[in-house]
Structure formats: C-alpha cells, structure tokens
1. Checking ALA31 against (1) touching a Lys or Arg at 6+ places or on another chain (Cβ under 9 Å); (2) exposed (fewer than 13 other Cβ atoms within 10 Å of the Cβ): exactly one of these is not met. Which one?
2. Can you tell which of TYR49, TYR71, TYR98 is within 24 Å of ALA123 (Cα to Cα) and either without any contact (Cβ under 8 Å) to a residue 12 or more places away in the chain or not hydrophobic (A, V, I, L, M, F, W, C) (or both)?
Amino acid sequence: MKQQANDLRSRHDQRLHEHEAHNDDAHAAQAEQIRSYIFTRVGQTIEQYVKLRGNTHAIEEYLEAWVFGAYWQSNTTWALSPESREMLKSGEYVWQEYMQSDGLTDWAAPAIQYCRALELGGAIDKATAITLRTLVLGTRDKIGIRGWVAAHVQPVL
C-alpha cells in the first residue's frame, strides 16, 4: 500500500510542480485537478488495503464513543455518511500503523483520508479543501494533520 501510494505520487509530482510554478488560472486549475486525482487514487488504495488487512472495530468504537458521538452513525441529518466513516476509519488505521513503524516519513496517506472525509461531509469549503490538498501533497514531513485541521478548519454549517 505504501509503495503504491508513493508510486502514484511520484508519477504525478513532476506535472503537479510544473503547473504550480505558473501563476495563472489555467495552470492552477490543472494543478487542482492533479491533486484531486492523487487524493482519490491514494484514498482508494488505502481503503482497499484496510479492507484486506485491517481490523477496524476498535477504531470505529473509539471514533464513535470519543470523537463523533451521535454524529457517527445515527438517523439525524448531521450523521456522517457511510463513505465518510470508512475514510476516517481507514485513515486512523493507517495513521496508527505508521506510528508503530520505525518512523513516519510520509504521512500523506492518513492525512488524505481525513481530508477526503472532511470534503465529502461538507465540513470544509472549496478554498479550505484546496489549501489542505496543497499542504498534504506539498510536504513529506511528519506534522500533526489533525492538529492543523483542528486549528484552521471551521465547519461549514
């Protein structure tokens, strides 16, 4: 999974950097299209990996009981969609797996899942989504994406 995600990013990094180097709307739109493609493909790879390999029951219990409460899976209009829940579970699973490894050198995989869930759920606006995609794909350093999201993302109500 890690290798597939890295291969996908590597194949598109050069094109992405070329478009980001220009300051016109056409190149900005192309760059966003590439970021969106990378997010979708990496996200799908992560979800497939977790479905084949991961036991996410404990993660789901944690997210429901301690993070989202009634918003996790209730019959209210504010409940998370099944797709968002899967993204969050797989992102958390990969994050925990990375944290138990020898060292997290590229945190993009779990961060992508968190960002995708925020976008899908409508918790962030388009400008914030673009900022998050740029942040996630623009660095490979270990930083706290959850902390950044908590500090900078205000839900769209």
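Throughout, read-outs are computed from the coordinates displayed, never taken from laboratory work. Note that this is a predicted model, so its numbers are computed, not measured. Neighbour counts run over all protein chains shown; Cβ positions are idealised from the backbone, glycine included.
1. (2)
2. Working: TYR49 fails: within 24 Å of ALA123 (Cα to Cα); TYR98 fails: within 24 Å of ALA123 (Cα to Cα).
Among TYR49, TYR71, TYR98, only TYR71 is within 24 Å of ALA123 (Cα to Cα) and either without any contact (Cβ under 8 Å) to a residue 12 or more places away in the chain or not hydrophobic (A, V, I, L, M, F, W, C) (or both).
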